[in-house]
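The values are calculated or read from the model by the stated rules, or taken from the named source; none is laboratory data. The structure presented is a predicted model; accordingly, all values stated were derived computationally and were not measured. Ideal geometry is used to build each Cβ from the backbone, glycine not excepted, and the neighbour counts take in all protein chains shown. Just so you know, the surface numbers come from the protein's heavy atoms only, side chains and all, with ligands and any DNA or RNA stripped out. Shrake-Rupley method; radii C 1.70, N 1.55, O 1.52, S 1.80 Å.
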Amino acid sequence: MAKIEQLWAVLLTVILLPFSSTALTQDFCVADLIRGDTPAGYICRAPATVTSGDFSYHGLASPGTLIRPFNVSLASAFVGQFPAVNGLGVSATRIDVLPGGVVPLHTHPAGSELLFVLEGSMSAGFISAESNSVYIQTVNKGDLFVFPQGLLHFQYNVGNTTAVALAAYSSSNPGLQIVDYALFRNRLPTAVVNKVTFISEAEVTRLKALFAGSG
């Protein structure tokens with residue numbers, strides 16, 4: 001019974017998201033990944049090439065690759081992994097956060113996110129753009145938390161077991177920018193990072209080494 005209740009909760013998570021859909025003019029548009037993305041999205045595959053199997057995806061059945069030093073695993077079903085969501089305004093990610101793990105400050109420029117906790121407990125929060133107000137809440141198994149589109153947000157495990165969640169998005173390709181990577185996993189010179197963030201050059205150097213940056 002618990003598994004059925006979880007399934008219904010996951011389905012409602014996706015259904016209740018706002019849709020921006022090409023399905024208003026056609027039934028579906030399974031992405032042609034070979035022809036690549038365009039400013040208007042992926043080109044549709046010819047309907048004659050689409051099968052029932054295109055509308056199912058098993059990539060969230062197990063944790064994704066562990067990302068260090070954050071100790072979090074992400075398995076995504078964006079249009080690049082699940083072409084059938086192309087144009088439908090939905091996608092999803094499975095998030096497994098080890099004890100002490102964190103989903104660092106990041107943003108999804110093209111979509112809002114609805115987080116549904118499947119196992120464990122985590123702290124979830126976001127920072128508003130207008131006033132830099134912080135909205136943070138501990139969420140437990142069965143809880144939802146919403147992150148508005150484009151705002152910096154985060155999660156971290158507050159328990160002693162792995163926390164598992166499903167994130168549903170209001171876009172088939174919500175985008176992702178991680179603050180730590182933006183600052184320290186690139187060639188931006190250390191002196192410039194120090195200048196624009198007031199973080200000491202010694203600390204910038206340490207973080208660039210941690211995140212495989214240079215400069």
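Each helix, a run of at least 4 DSSP H residues, gives -39500 (n - 2.57); summed and divided by the residues of the chain, these come to -5000 deg cm²/dmol at 222 nm. Over region 83-215, Cα pairs under 8 Å with separation of 6+ residues give a relative contact order of 32 percent. Just checking the listed ones, Leu115, Leu176, Leu88: in the Gaussian network model of the chain with Cα springs under 10 Å, the one fluctuating most is Leu176.
Taking Cα atoms, how many degrees apart are the long axis of helix 201-210 and the longest axis of the chain, rounded to 10 and kept between 0 and 90? Once rounded, one gets 40 degrees.
Taking His108, His58, His153 as the candidate residues, the one with maximal mean-square fluctuation in a Gaussian network model of the chain, Cα springs under 10 Å, is His58. Coupling constants for region 187-192 follow from the phi torsions by the Karplus curve (6.51 cos²θ - 1.76 cosθ + 1.60, θ = phi - 60°), and in residue order they are 9, 4, x, 3, 4, 6 Hz; glycine and proline get x.
Once the Cα atoms are used to define both axes, helix 2-15 deviates from the longest principal axis of the chain by about 90 degrees. Around the amide H of His106, modelled in the peptide plane, lie the amide H atoms of His153, Val179, all under 5 Å away and 5 or more residues distant in sequence or on another chain.
Across region 94-109, coupling constants 3J(HN,Hα) worked out from phi with the 6.51/-1.76/1.60 Karplus curve, θ = phi - 60°, read 8, 10, 10, 10, 5, x, x, x, 8, 9, x, 3, 7, 9, 10, x Hz, and Gly and Pro carry x.
Accessible area per residue for region 41-118, computed on protein heavy atoms with a 1.4 Å probe, is 42 Å². Among Tyr169, Tyr181, Tyr156, the order of accessible area from largest down is Tyr156, Tyr181, Tyr169, computed with a 1.4 Å probe on protein heavy atoms. Near the amide H of Phe70, within less than 5 Å, lie no amide hydrogens of residues on another chain or at least 5 residues away, with H placed in the peptide plane. What is the percent carbon and sulfur in the accessible area of the chain, measuring with a 1.4 Å probe over the protein chains and ignoring ligands? Exposed carbon and sulfur together represent 61 percent of the surface. About the centre of its Cα atoms, the chain shows a dipole size close to 480 debye [charges on the beta carbon of Lys, Arg (+1) and Asp, Glu (-1) only; nearest 20 debye]. Restricting the trypsin sites (Lys or Arg not before Pro) of region 132-215 to loop positions (DSSP other than H, G, I, E, B) with no more than 13 neighbouring Cβ atoms within 10 Å leaves Arg187.
Look at the dipole of region 46-162 built from charges on Cβ: of Asn157, Thr49, Ala84, the Cα furthest out on the positive end belongs to Asn157. For the chain, the calculated P(r) over all alpha carbon pairs, in 10 Å bins from 0 to the bin holding the longest distance, is 8, 29, 33, 22, 7, 1 percent. Out of every Cα pair in region 76-146, what percent are spaced more than 17 Å from each other? Looking at region 76-146, the distances longer than 17 Å represent 53 percent of pairs. For region 42-57 versus region 73-92, the spacing of their alpha-carbon centroids is 13 Å.
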